[in-house]
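The values are calculated or read from the model by the stated rules, or taken from the named source; none is laboratory data. None of the values given here were measured: they were computed from a predicted structure. Reconstructed Cβ throughout: ideal geometry from the backbone, glycine too, with neighbour counts over all protein chains shown. Ligands, DNA and RNA are excluded from the accessible area calculation, which covers all protein heavy atoms including side chains. Shrake-Rupley method; radii C 1.70, N 1.55, O 1.52, S 1.80 Å.
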Amino acid sequence: MRTFLLLILSVAPSYPVLAQPDSSEFPLEPFRGIFFNGLDSEGLFPLRQTGVSTEPVRRAAVAFLAALSNEQRKRTFFAVTDDEWLSWDNRPFYPREGVSFQELTPAQREAGIALMRASLSARGLRQSRDIMRLNGTLAELTGQDDYGEWSYYLTVMGEPSATEPWGWQVDGHHLVINYFVLGDQVVMSPVFMGSEPIEAKGGRFKGTIVLQDEQDEGLRFVNMLNAKQRDKAIVKTHKEGTYNVAESWSDNHQLDLYGIPGKELNRKQRKRLLKLIEAHVGHVATGHARIKMDEVAAHLDDTWFAWVGPTDDDAVFYYRIQSPVVMIEFDHQYPIAYNRGGPMSRDHVHVVVRTPNGNDYGKDLLRQHLERHHSK
């Protein structure tokens with residue numbers, strides 16, 4: 001097994017004991033973005049027409065804002081250039097801005113869900129809502145107020161517009177979606193999806209289960225590789241600790257490439273790698289998912305896949321996909337909220353999807369738009 005840099009596969013810090021944190025724990029760095037040494041970073045995200053309407057999303061956002069009281073609207077509305085974009089956290093105790101689904105009336109809550117429905121695919125909405133439901137299961141298991149089905153906050157960045165940049169964010173435990181809109185272009189990243197537990201074995205949401213495609217497709221792909229390819233892709237056969245490097249407060253990284261590049265895969269393997277990536281990218285509405293997957297396919301030769309852990313049917317593992325236009329991390333975690341101190345298992349998963357090369361939160365599109373139309 002070849003060596004690798006500990007700096008690249010850095011072990012993420014463990015979660016602190018649940019408590020109200022001091023605001024100084026969450027310093028914001030100026031946004032730069034995530035970059036990969038050796039991959040192109042220029043001209044990847046041009047301003048263009050996609051032909052996929054964002055009008056349903058705009059209308060849903062207008063309806064959501066109209067459903068709020070003046071005081072609620074003031075709390076949930078930010079400028080599109082505001083650093084509130086960067087202030088998300090997948091942990092439960094972070095002091096969030098915006099309006100919580102918990103405080104909304106049933107009609108207001110439905111307006112918020114309608115905004116998600118207009119923006120996401122059916123699969124993406126189902127998984128988002130199931131993550132929220134499993135957070136309710138976690139509340140049942142622990143009895144802690146930090147958890148709950150509706151402990152999620154919505155913010156709107158910029159006036160919903162057909163021509164000017166704007167977007168929205170949902171922020172809460174194990175579910176964070178940043179959704180940027182400019183004309184008919186959409187950038188949905190960073191996205192954080194996770195859960196503990198992964199499946200509700202009882203209680204109100206019994207039978208709810210999430211993140212199985214992302215898990216199973218990763219295992220199928222790595223097991224398609226031949227011995228020589230596996231020697232490149234599998235950088236470590238035993239998983240210890242947590243490996244995600246691009247979770248909350250981690251917008252800025254310069255990362256080395258490791259694993260196996262797409263140009264060394266055969267046709268069937270390339271097709272399976274695309275299917276794995278689509279399992280993550282396909283949470284955005286279908287038309288924009290297709291556009292994103294076209295971008296991914298265009299850069300498949302320069303897309304790297306790496307794996308940490310065993311590859312048997314019940315393995316716990318980590319994988320990372322590094323492309324000029326997308327970064328994906330999947331990580332099985334140690335138990336935190338309950339069974340703390342137990343072994344790492346498939347019952348606690350973190351997944352992160354990023355747009356590298358400066359276009360998380362649509363920042364590169366926003367920069368180009370402001371330079372072209374608002375330079376004064």
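Residue 228 meets the conditions (1) basic (Lys, Arg); (2) free of Cβ contacts under 8 Å to residues at least 12 places away in the same chain; (3) under 22 Å from residue 347 (Cα atoms) in every case but one. The failed one is (3).
Selection of first residues in region 123-151 that are touching a residue at least 60 places away in the same chain (Cβ under 8 Å) and of second residues that are part of a helix (DSSP H, G or I) and open to solvent by 20 Å² or more (accessible area, probe 1.4 Å), restricted to Cβ pairs under 6 Å at least 6 apart or on distinct chains, gives the following pairs, ordered by first then second residue: 147/139. Assess whether residue 103 counts as being in contact with a strand residue (DSSP E or B) (Cβ under 7 Å, 6 or more places away or on another chain) and open to solvent by 70 Å² or more (accessible area, probe 1.4 Å). Here the answer is no, as residue 103 does not meet what is asked.
Summed over region 188-220, the residues that are closer than 24 Å to residue 170 by Cβ and assigned to a loop (DSSP other than H, G, I, E, B) give a count of 11. Of all the numbered requirements in (1) at pLDDT 85 or above; (2) assigned to a loop (DSSP other than H, G, I, E, B), residue 85 misses one, and that requirement is (2).
Report yes if some residue within region 84-96 is more than 26 Å from residue 184 (Cβ to Cβ) and more than 18 Å from the chain's Cα centre (by Cα); otherwise report no.
From region 84-96, those more than 26 Å from residue 184 (Cβ to Cβ) are 87, 89-96; that's our starting set.
With the extra rule that they be more than 18 Å from the chain's Cα centre (by Cα), the set shrinks to 93, 95.
There is at least one residue in region 84-96 that is more than 26 Å from residue 184 (Cβ to Cβ) and more than 18 Å from the chain's Cα centre (by Cα).
In the set (1) over 19 Å from residue 272 (Cα atoms); (2) open to solvent by less than 10 Å² (accessible area, probe 1.4 Å); (3) over 22 Å from the mean Cα position of the chain (by Cα), residue 206 fails one condition alone, (2). Restricted to region 221-318, the set of strands (runs of 3 or more DSSP E) holding at least 2 residues that are open to solvent by less than 50 Å² (accessible area, probe 1.4 Å) and among the aromatic types (Phe, Trp, Tyr) comprises 304-308.
Yes/no per residue for (1) small (Gly, Ala, Ser); (2) touching a strand residue (DSSP E or B) at 6+ places or on another chain (Cβ under 7 Å); (3) open to solvent by less than 30 Å² (accessible area, probe 1.4 Å):
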| position | (1), (2), (3) |
| --- | --- |
| 73 | no, no, no |
| 82 | no, yes, no |
| 86 | no, no, yes |
| 107 | yes, no, no |
| 123 | no, no, no |
| 135 | no, no, yes |
| 145 | no, no, no |
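Here residue 154 meets each of (1) crowded, with 16+ Cβ neighbours inside 10 Å; (2) assigned to a loop (DSSP other than H, G, I, E, B) with one exception, condition (2). Would you check which residues across region 29-78 are of a type in the set (Gly, Ala, Ser), assigned to a loop (DSSP other than H, G, I, E, B) and at pLDDT 95 or above and list them? Within region 29-78, 33, 51, 53, 69 qualify. For region 338-370, a residue qualifies if it is at pLDDT below 95 and exposed (fewer than 15 other Cβ atoms within 10 Å of the Cβ), and the qualifying residues are 338, 340, 341, 342, 343.
In the set (1) of a type in the set (Val, Ile, Thr); (2) open to solvent by 30 Å² or more (accessible area, probe 1.4 Å); (3) in a helix (DSSP H, G or I), residue 113 fails one condition alone, (2).
When the residues of region 327-337 are filtered to those that are open to solvent by less than 10 Å² (accessible area, probe 1.4 Å) and touching a helix residue (DSSP H, G or I) at 6+ places or on another chain (Cβ under 6 Å), the one that is nearest to residue 299 (Cα to Cα) is 328. Which one of 140, 149 is modelled with pLDDT of 95 or more, in contact with a Lys or Arg (Cβ under 6 Å, 6 or more places away or on another chain) and over 21 Å from residue 81 (Cα atoms)? From the options 140, 149, the qualifying one is 149.
Considering every residue within region 17-25, establish whether at least one is of a type in the set (Val, Ile, Thr) and either in contact with a strand residue (DSSP E or B) (Cβ under 8 Å, 6 or more places away or on another chain) or modelled with pLDDT of 95 or more (or both).
Looking through region 17-25, none of the residues is of a type in the set (Val, Ile, Thr) and either in contact with a strand residue (DSSP E or B) (Cβ under 8 Å, 6 or more places away or on another chain) or modelled with pLDDT of 95 or more (or both).
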